Amino acid sequence: MRKSLWWIAAVVAVVLGNGLALLAQATGSQPIYLDPKRPIEERIDDLMSRMTLKEKIGQLNLPCVYVDDLGKDIPSKREACKKFAAGTYTQEIGPGSGFFTLADEVLRGGNIREYAEYFNELQKIATTQTRLKIPVLQDEEGTHGAMYPGATVFPEGLAVGSSFNLDLIKSIYEAAAAESRSVGIHMLSTLVMELDRDPRLGRNEEAYTEDPYFYMRIGETVVHATQGTDLRAPDKVIAVLTDFPTQNTPAGGLERGAIEASDRSLRENDMLPWIGSITKAGGLGVMAGYPEVEDIPAHGSEKWMNNVLRQELGFQGVVESEGGGFSTLIYEHIVPTQKEAGALALKAGVDLNITYEPAYMGPLVESVEEGKVPMALVDRAVRRVLRLKFQLGLFENPYVDPDKAAEIVHSQANQDLALRAGREGIVLLKNDKGALPLKKSLKSVAVIGPADNLMNLLGDYSPKQVPQHVVSIVEGIKAKVGPQTKVTAVKGCTVLGDDKSHFAEAIRAAKNAEVAIVVVGENQGQNDIDEQKDPPTDGEGHDVASLDLTGVQEDLVRAVYETGTPTVVVLINGRPLSTRWTSEHVPAIVEAWRPGEKGGTAVADVLFGDYNPSGRLAITVPRHSGQLLAFYNYKPGKEFWMKQSWTRDRGYVDMPATPLYPFGHGLSYTSYEYSNLRITPNQIGTGGEATISVDVKNTGNRSGVETVQLYLRETYAPVSLPVKQLRGFEKVALDPGETKTVTLKLTPEDLQLLDIDMHWRVVPGDFEIMVGKSSDDILLKGILKVTP
């Protein structure tokens with residue numbers, strides 16, 4: 001009986017809604033939802049009252065254009081998208097909500113005006129050829145720049161984090177947002193909010209740091225940069241943050257492995273980036289993760305996708321599925337079909353389907369009609385999607401200016417920013433006896449190694465086609481030296497494989513050079529910019545068991561080093577590499593990460609001293625993957641074992657337990673002296689604040705930028721706390737002989753802990769204040785007393 005009444009109510013609602021629309025057309029009056037003077041919630045109510053079930057379900061689909069299911073019967077993806085926007089592609093649902101990765105999938109050649117015109121065409125179809133005139137959303141990847149041909153490719157992941165520069169990070173994502181919105185993109189995805197704690201996982205290349213506090217600050221910065229204060233602005237987009245709640249430490253380091261972490265650990269560590277990006281900054285987009293957390297796949301976890309995300313963190317936006325994310329509920333044996341997966345995910349709080357999975361298409365329509373899924377759940381998700389479209393101002397202004405887009409995308413200012421970011425993310429790991437910088441007057445230089453291909457410089461989530469010029473390391477070096485310098489480039493080997501047949505050529509080049517620069521690391525993958533199509537060893541879907549250099553790369557480094565020619569190693573990689581032999585023997589090592597489209601110039605600037613390196617490691621570099629997890633803010637039990645370990649002053653039988661390079665480490669071409677630590681006041685209440693000041697002097701003979709790092713530890717507490725936790729940092733530029741005072745503030749938020757009852761609070765006690773150059777190089781210490 002209840003089902004029959006539900007059916008009657010649904011039919012009446014549809015008829016009434018259609019009748020109101022027809023009446024409005026007949027009388028010439030404007031529907032409430034098209035009136036920009038009305039409040040957004042009132043407009044949403046009006047629009048939803050007019051929508052059929054299929055039209056509502058249509059708004060829950062934002063398919064990835066690269067999936068085969070979209071356009072499999074139509075030769076042109078462009079035409080398939082037009083039909084999907086018009087609601088004529090399938091009879092299962094009404095007009096689609098928009099598209100995911102359309103720009104990178106179907107637009108080629110770097111003709112920015114053409115891109116903008118095509119997006120305008122799709123908007124025209126949606127707003128003139130559909131019954132309700134609902135504009136479409138465009139969502140594109142934006143991990144380190146908008147992912148479409150011609151957009152600026154900034155450094156990725158750990159290169160961005162290793163800059164330790166929030167102002168720089170803000171500038172990067174402001175530029176990415178502006179380049180996106182100018183062509184008609186409204187959402188930037190894969191803004192990763194996952195701690196980079198297990199670098200075996202390939203997709204962790206996209207993450208910025210291992211540190212929860214630093215990540216919280218980054219998350220807040222990224223969202224403010226992309227969304228601004230008004231989403232209607234022509235240079236702002238919705239930040240889509242990934243992947244909630246986390247997938248950074250999967251079982252075995254393998255993608256989609258279970259997250260076997262406690263609720264306490266998740267809240268103490270993994271939630272901090274989300275607190276920064278959502279609670280503090282108001283991020284409006286979230287992508288659900290692949291793994292199961294606490295035995296429930298994230299796509300079906302009402303606890304995490306609703307209770308924690310919305311009720312605790314205050315999220316007000318839209319949750320997207322991951323690519324093929326509904327299938328996680330099937331292969332984890334929670335439900336047998338997409339139809340049941342869709343019902344479970346909708347209840348959990350997943351609003352948008354991004355990969356054309358059946359879960360949110362015809363089967364969901366059936367579930368509602370059969371009374372298995374309440375209409376209220378559909379309405380909840382649709383309301384969230386429509387709210388974003390109204391907030392973006394798309395009903396009033398769905399179009400973009402193609403000429404303006406051509407001015408903004410890959411502007412000279414953005415290219416200069418990419419170079420600056422590439423430089424600031426480079427970390428000088430080792431520099432014995434001043435091996436660097438190199439002299440530009442060298443008569444000969446050998447550049448040897450397999451990692452200097454262009455895609456390796458760019459990183460994961462870069463456009464399939466990169467029409468602009470990308471500077472290689474060899475090219476960057478040639479531009480630095482004079483015409484009198486002979487630069488010889490030899491690959492020597494591949495990143496994978498055991499072929500040493502080109503070693504002889506590499507050795508000969510090294511012997512005939514004054515300096516040998518060996519470029520090794522990881523393969524990113526393939527696109528149209530590289531002639532060498534080497535298999536990828538890093539990035540999403542490319543996990544590793546070992547962090548050692550792959551193939552015979554280390555043998556190549558040895559062979560070059562043993563020629564006696566002064567040797568420098570440059571690492572091009574997305575994850576930290578355990579280069580034990582290289583670190584022990586080679587005098588100079590430069591960690592460049594994925595330095596972006598200007599990466600070759602950035603590396604050369606550091607090698608030849610046109611830029612004094614200021615990057616600091618945003619992640620611990622372990623000696624061996626057997627140390628994982630190797631993050632610096634471990635608990636005291638590990639510290640005890642590392643110090644005691646019976647009769648050995650080391651943690652393992654076969655090697656030290658200390659990292660190869662600690663979190664925060666990074667060298668400079670000058671030197672710095674710290675002095676005069678002040679804690680003001682040195683005693684506060686639990687709600688009080690204190691300032692930590694220190695004097696920093698440049699004691700070298702050239703200008704530089706030092707990164708002052710503040711760590712703390714409560715000496716005794718009711719729960720076990722990390723041995724140290726980053727709670728502040730500041731970059732300070734100093735000329736030779738110059739001294740500046742750096743002042744950092746500690747607030748109750750910085751001093752709080754998650755107590756036994758799972759409440760955040762400040763516990764009175766003594767807090768050890770530690771200031772230094774890295775997590776391992778603490779130069780000054782003091783005590784801050786916190787009283788009840």
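The values are calculated or read from the model by the stated rules, or taken from the named source; none is laboratory data. Note that the structure is predicted; figures quoted are calculated from it, not measured. As a convention, Cβ positions derive from the backbone with ideal geometry for all residues, glycine included, and neighbour counts pool all protein chains shown. Each accessible area value is taken on the protein alone, full model and side chains, heavy atoms only, with ligands, DNA and RNA left out. Shrake-Rupley method; radii C 1.70, N 1.55, O 1.52, S 1.80 Å.
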Inset, instruction - Go through segment 590-607 and count every residue that is of a type in the set (D, E, K, R) and part of a loop (DSSP other than H, G, I, E, B). - result: 2
Inset, instruction - Among the residues of segment 230-258, count how many are closer than 22 Å to Thr279 by Cα, touching a residue at least 60 places away in the same chain (Cβ under 8 Å) and open to solvent by 10 Å² or more (accessible area, probe 1.4 Å). - result: 2
Legend entry - helices (runs of 4 or more DSSP H) contained entirely in segment 340-440, each with at least 1 residues that are under 30 Å from Leu660 (Cα atoms): 412-424
Inset, instruction - Please list, ordered by first then second residue, the pairs with beta carbon atoms under 6 Å, 6 or more apart or interchain, first in segment 589-613 and on the phi < 0 side of the Ramachandran plot, second of a type in the set (Lys, Arg). - result: Ile589/Lys430; Ala602/Arg423; Ala604/Lys480; Asp605/Arg423; Phe608/Lys440; Phe608/Lys480; Tyr611/Arg423
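Residue-by-condition table, conditions (1) over 16 Å from Tyr173 (Cα atoms); (2) surrounded by fewer than 20 Cβ atoms within 10 Å (Cβ to Cβ); (3) β-branched (Val, Ile, Thr):
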position: Gly371; (1), (2), (3): yes, yes, no
position: Phe390; (1), (2), (3): yes, no, no
position: Ala405; (1), (2), (3): yes, no, no
position: Ile408; (1), (2), (3): no, no, yes
position: Asp416; (1), (2), (3): no, yes, no
position: Leu429; (1), (2), (3): yes, no, no
position: Gly434; (1), (2), (3): yes, yes, no
Legend entry - Pair list, Cβ < 6 Å and 6+ apart or interchain, from segment 282-311 residues that are in a helix (DSSP H, G or I) to residues that are among the hydroxyl-bearing types (Ser, Thr, Tyr) and buried (at least 20 other Cβ atoms within 10 Å of the Cβ): His299/Thr328
Legend entry - Out of Glu220, Glu141, Glu210, sole residue that is open to solvent by 10 Å² or more (accessible area, probe 1.4 Å), at pLDDT 95 or above, over 30 Å from Asp403 (Cβ atoms) and in contact with a Ser or Thr (Cβ under 7 Å, 6 or more places away or on another chain): Glu220
Inset, instruction - Enumerate the pairs (first residue in segment 116-128 and in contact (Cβ under 8 Å) with a residue 40 or more places away in the chain and farther than 13 Å from Leu394 by Cβ; second residue anywhere and among the polar types (S, T, N, Q) and open to solvent by less than 30 Å² (accessible area, probe 1.4 Å)) with beta-carbon separation below 8 Å, excluding pairs fewer than 6 apart on the same chain, so at least 6 apart or on different chains. - result: Ala116/Ser182
Inset, instruction - State which residue pairs qualify: first residue closer than 15 Å to Asn120 by Cα and inside segment 78-102, second residue acidic (Asp, Glu) and part of a helix (DSSP H, G or I) in any location, beta carbons under 8 Å apart, and separation of 6 or more residues or different chains. - result: Lys82/Glu121
Inset, instruction - Would you tally the residues in segment 477-513 being within 38 Å of the chain's Cα centre (by Cα) and outside any helix (DSSP H, G or I)? - result: 16
Legend entry - Filter result for Glu255 (assigned to a loop (DSSP other than H, G, I, E, B) and charged (D, E, K, R)): yes
Inset, instruction - Scan (1) farther than 27 Å from Ile507 by Cα; (2) under 26 Å from the mean Cα position of the chain (by Cα) for the single condition Val606 breaks and write down its number. - result: (1)
Inset, instruction - Considering only segment 328-350, state which residues are touching a residue at least 40 places away in the same chain (Cβ under 8 Å) and open to solvent by 30 Å² or more (accessible area, probe 1.4 Å). - result: Glu332, Leu344, Lys347
Legend entry - Matching entry among Asn701, Asn676 (being within 26 Å of Ser614 (Cβ to Cβ), outside any loop (DSSP other than H, G, I, E, B) and open to solvent by 50 Å² or more (accessible area, probe 1.4 Å)): Asn676
Inset, instruction - Report whether or not Lys372 is of a type in the set (Lys, Arg) and either modelled with pLDDT under 95 or under 18 Å from Asp45 (Cβ atoms) (or both). - result: no
Inset, instruction - Check segment 567-584 and report whether any residue there is farther than 23 Å from Leu667 by Cα, among the charged types (D, E, K, R) and assigned to a loop (DSSP other than H, G, I, E, B). - result: no
Inset, instruction - State which residue is modelled with the lowest pLDDT when the search covers only segment 535-547 and only residues that are open to solvent by less than 20 Å² (accessible area, probe 1.4 Å) and in contact with a Leu (Cβ under 8 Å, 6 or more places away or on another chain). - result: Thr537
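Residue by residue, here is whether (1) within 13 Å of the chain's Cα centre (by Cα); (2) open to solvent by less than 10 Å² (accessible area, probe 1.4 Å) holds:
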site: Leu122; (1), (2): no, yes
site: Thr127; (1), (2): no, no
site: Gly161; (1), (2): yes, yes
site: Ser180; (1), (2): no, yes
site: Gly184; (1), (2): no, yes
Inset, instruction - For segment 395-406, indicate whether the set of residues that are more than 25 Å from Gly615 (Cβ to Cβ) and in contact with a Leu (Cβ under 8 Å, 6 or more places away or on another chain) is non-empty. - result: yes
Legend entry - Single unsatisfied condition, Leu784 versus (1) assigned to a strand (DSSP E or B); (2) under 21 Å from Arg616 (Cα atoms): (2)
Legend entry - Criterion violated by Asp196 - all others in (1) among the acidic types (Asp, Glu); (2) closer than 22 Å to Asp167 by Cα; (3) outside any loop (DSSP other than H, G, I, E, B) satisfied: (3)
Legend entry - Selection from segment 593-618 of residues that are open to solvent by less than 10 Å² (accessible area, probe 1.4 Å) and acidic (Asp, Glu): Glu597, Asp605
Inset, instruction - Please specify each residue of segment 764-788 satisfying the condition of being without any contact (Cβ under 8 Å) to a residue 60 or more places away in the chain and either open to solvent by 80 Å² or more (accessible area, probe 1.4 Å) or at negative phi (or both). - result: Asp766, Phe767, Glu768
Inset, instruction - Return only the number of the condition from (1) crowded, with 24+ Cβ neighbours inside 10 Å; (2) at pLDDT 95 or above that Ala103 does not satisfy. - result: (2)
Legend entry - Verdict on Gly521 being under 30 Å from Asn204 (Cβ atoms), within 28 Å of the chain's Cα centre (by Cα) and at pLDDT 95 or above: yes
Legend entry - Total residues in segment 453-492, condition open to solvent by 10 Å² or more (accessible area, probe 1.4 Å), in contact with a Pro (Cβ under 6 Å, 6 or more places away or on another chain) and closer than 18 Å to Pro536 by Cα: 2
Legend entry - Gly574 being at pLDDT below 95, surrounded by 20 or more Cβ atoms within 10 Å (Cβ to Cβ), under 26 Å from Arg203 (Cα atoms) and in contact with a Lys or Arg (Cβ under 9 Å, 6 or more places away or on another chain): no
Legend entry - Verdict on Val560 being assigned to a helix (DSSP H, G or I), open to solvent by less than 10 Å² (accessible area, probe 1.4 Å) and of a type in the set (Val, Ile, Thr): yes
Legend entry - Search result, residues across segment 93-117 that are within 29 Å of Leu53 (Cα to Cα) and more than 26 Å from the chain's Cα centre (by Cα): Ile93, Gly94, Pro95, Gly96
